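See structure below.
Every number in this text was worked out from the coordinates using simple rules, so none of it is lab data. Not measured: the values here are computed from a predicted model. So basically every Cβ, Gly included, is an ideal-geometry build from the backbone, and we count neighbours across all protein chains shown.
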Amino acid sequence: MVFQRAATRLHSFVYRVTNGKIGGRMLGSPVLLLITTGRKSGRERTVPLLYLRDGENLIVVGSNGGAATHPAWWLNLRANPEAIVEVGDQKLRVRAKKADPEEKDRLWPKLVAMYPSYEDYQRRTDREIPVVLLKPAGG
């Protein structure tokens, strides 16, 4: 856990310093920085995530590597769906929404094509892995 936190901080730092030129792609997929508000601490939390563009929305997956529990960032978004994403040198205010079954059916094959391990992660866990739409917030 300590190593993961340190790696996340380092990735986020390098991403920001280089405007995503370093750390903006991982495993052949684009990466964004998601900034949520901690549901317990109220503090800002940043995590790098693979994403897929779908029109004006950015799509992320709460896979947590196939763990039995949801990732903290998804729990934070469920408590407060307002967030900020950094894509390269752009900062965008977004509102998170869990994909409904039809949206997930449409997006899941695209997400698996982008990162095939998502399919393995879903097989590893009994929980439904959420697909999350990050929609641009007004203003």
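Could you give the C-alpha radius of gyration of the chain expressed as a fraction of 2.2 N^0.38 Å, taking N as the number of residues it contains?
On the way: Rg = 14.2 Å, N = 139, 2.2 N^0.38 = 14.3 Å.
Compactness ratio reported: 0.99.
With n ≥ 4 as the cut-off for DSSP H runs, can you work out [θ] at 222 nm for the chain, using -39500 (n - 2.57) per run divided by the number of residues, rounded to the nearest 500? Walk me through the numbers on the way to the answer.
Values: 4 runs with 46 residues, N = 139.
One gets -10000 deg cm²/dmol as the mean residue ellipticity at 222 nm.
Taking 7 Å along the Cα-to-C-beta vector as the label spot, tell me the residue 75-residue 18 distance in nanometres, rounded to one decimal.
3.2
Stretched out fully, how many nm does the piece from residue 9 to residue 124 gain, at 0.36 nm a residue minus the Cα gap? Let's see the in-between values first.
Values: separation 115, 0.36 × 115 = 41.40 nm, distance 2.71 nm.
Length gained between residue 9 and residue 124: 38.7 nm.
Can you give me the distance in nm between label points at residue 113 and residue 54, each placed 7 Å from the Cα along the Cα-to-Cβ direction?
Result for the modelled spin labels: 1.3 nm.
Arranged from highest to lowest average of other beta-carbon atoms within 10 Å per residue, in what order do the peptides 82-90, 57-65 appear? Could the numbers behind the result be given before it?
Numbers: 82-90: 16.3, 57-65: 20.7.
Sorting 82-90, 57-65 by mean packing, highest first, produces 57-65, 82-90.
In nm, to one decimal, how far is the residue 89 label point from the residue 29 one, both placed 7 Å along Cα→Cβ?
About 2.7 nm separates the two model spin labels.
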